[in-house]
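Structure record follows, encoded as structure tokens.
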């Protein structure tokens with residue numbers, strides 16, 4: 001079990017757990033960046049409603065679907081990243097989709113190449129750094145692929161979507177519940193093919209108390225810039241209104257200014273004590289402007305990211 005910490009992409013739980021969830025977030029963007037499809041397979045082990053699931057957000061229509069499957073249809077591999085929900089399978093190398101109910105028919109195969117994994121070492125098994133070793137965390141987070149190229153086509157309700165030469169990203173969460181409040185931002189659709197960015201900040205309960213934790217990375221020019229609670233970075237500025245969100249984070253070497261222009265939002269389900277009963281709103285078509293400065297305020301990078309994933313649970317601002 002301990003060694004699985006160093007493979008955060010693989011299934012971290014067991015079907016004997018109660019009040020437990022685990023979900024993988026696959027983001028797929030077409031080559032022309034006109035459409036984003038997110039596909040979220042996972043497992044919900046609740047007191048009275050255990051099941052495996054696949055959630056889908058369709059950037060063409062703004063519609064979301066939640067498909068339920070028996071627990072025993074969920075399969076996984078402990079040695080390498082592979083899961084199956086229903087008749088669909090998911091790995092770092094490809095996704096095979098065979099989904100059909102009264103509201104959606106989705107079939108096809110997407111292969112992934114030029115995968116850029118998030119770096120890990122003995123003291124930092126993943127994006128959570130040494131927090132990966134802290135027990136009793138309500139929710140854990142992992143980055144499976146910072147960036148990769150897509151090939152393949154999918155058919156959704158009879159319409160063909162060409163994903164050849166598109167861009168992809170994979171992350172995941174596991175534990176008992178999502179936090180009470182958070183902000184999450186993600187994009188890897190910049191002018192530079194390899195640039196990727198992710199930001200998350202949340203109210204994190206732990207042993208009857210809570211703290212505000214955040215994790216931010218910018219991958220640019222084959223280099224990771226990391227801003228996080230555990231490396232003593234700070235959020236120095238934050239503002240939010242109906243149209244935009246602005247945040248500045250700093251570490252001992254750099255300052256990163258983030259400006260998100262909000263667009264449309266759709267519904268997603270999120271876990272509470274393992275049960276997928278919480279409704280949240282997510283955008284997959286917002287836009288982000290990033291400006292990275294060194295300690296002398298020299299601009300090191302500037303770029304605009306499209307097809308931004310964005311979640312804002314407004315209660316987070318009560319704690320910032």
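Sorted fewest first by neighbouring Cβ atoms within 10 angstrom, 36, 229, 96, 242 come out as 242, 96, 229, 36. Set the Förster radius R0 to 22 Å, insert the Cβ-Cβ distance between residue 48 and residue 279 as r into 1/(1 + (r/R0)^6), and round the FRET efficiency to 0.05. For R0 = 22 Å, the calculated efficiency reads 0.75. With R₀ fixed at 35 Å, the C-beta to C-beta distance from residue 122 to residue 87 puts the FRET efficiency at about 0.35.
On a full-extension model of 0.36 nm per residue, what is the gain between residue 297 and residue 153, subtracting their alpha-carbon distance, rounded to one decimal in nm? Mind dumping the intermediate values first?
Values: separation 144, 0.36 × 144 = 51.84 nm, distance 4.44 nm.
Full extension of this stretch gives 47.4 nm more.
Per the Debye formula on identical point scatterers at the alpha carbon atoms of region 280-319, with no solvent, log10 I(q)/I(0) at q = 0.29 Å⁻¹ is -0.88.
Could you sort 275-286, 127-138 so that the peptide with the highest average Cβ count within 10 Å comes first and the rest follow in order? Don't skip to the answer; put the middle values down first.
Numbers: 275-286: 18.0, 127-138: 16.1.
Listed from highest to lowest mean packing, they are 275-286, 127-138.
Looking at the square roots a ≥ b ≥ c of the eigenvalues of the Cα gyration tensor of region 35-80, which shape do they give, rounded for a/c under 1.5, prolate if a/b is larger than b/c, or oblate?
Working: a/c = 3.48, a/b = 1.59, b/c = 2.20.
Cα axes put region 35-80 in the oblate bin.
Classification of region 187-320 by its C-alpha gyration tensor yields an oblate form. The axis ratio a/c (a ≥ b ≥ c) is 1.5 or more, and b/c is at least a/b. Of the residues 296, 50, 87, the one that moves most in a GNM of the chain with alpha-carbon contacts below 10 Å is 296. The GNM of the chain, with springs linking C-alpha atoms under 10 angstrom apart, assigns the highest mean-square fluctuation among 148, 31, 252 to 252. For the pair residue 252 and residue 237, the difference between a 0.36 nm per residue extended length and the Cα-Cα distance amounts to 3.8 nm. Region 21-36 and region 109-156 have Cα centres lying 14 Å from one another. Here the residues 224, 82, 199, ranked from fewest to most Cβ neighbours within 10 Å of their Cβ, fall in the order 224, 82, 199.
Expressed in nm to one decimal, what extension gain is obtained for the pair residue 207 and residue 192 from 0.36 nm per residue of sequence separation less their Cα-Cα distance?
On the way: separation 15, 0.36 × 15 = 5.40 nm, distance 4.27 nm.
Length gained, residue 207 through residue 192: 1.1 nm.
Model label sites at residue 80 and residue 4, defined 7 Å from Cα along the beta-carbon direction, differ in position by 1.9 nm.
Taking other C-beta atoms within 10 angstrom as a stand-in for reagent exposure, 71, 146 fall in the order 71, 146, fewest first. Both the radius of gyration and Dmax for region 93-168 are 17.1, 48 Å, in that order, over alpha-carbon atoms. Quick one: grab the alpha carbon gyration tensor of region 183-264, order the square roots of its eigenvalues as a ≥ b ≥ c, and give me rounded if a/c is under 1.5, else prolate or oblate depending on whether a/b is larger than b/c. Taking the square roots of the gyration eigenvalues as a ≥ b ≥ c, region 183-264 is oblate.
Here, each number is a calculation from the coordinates, and none is a lab measurement. Here the structure is a predicted model, which is why all the values come from computation and not from measurement. We place every Cβ from the backbone using ideal geometry, glycine too, and count neighbours over all the protein chains shown.
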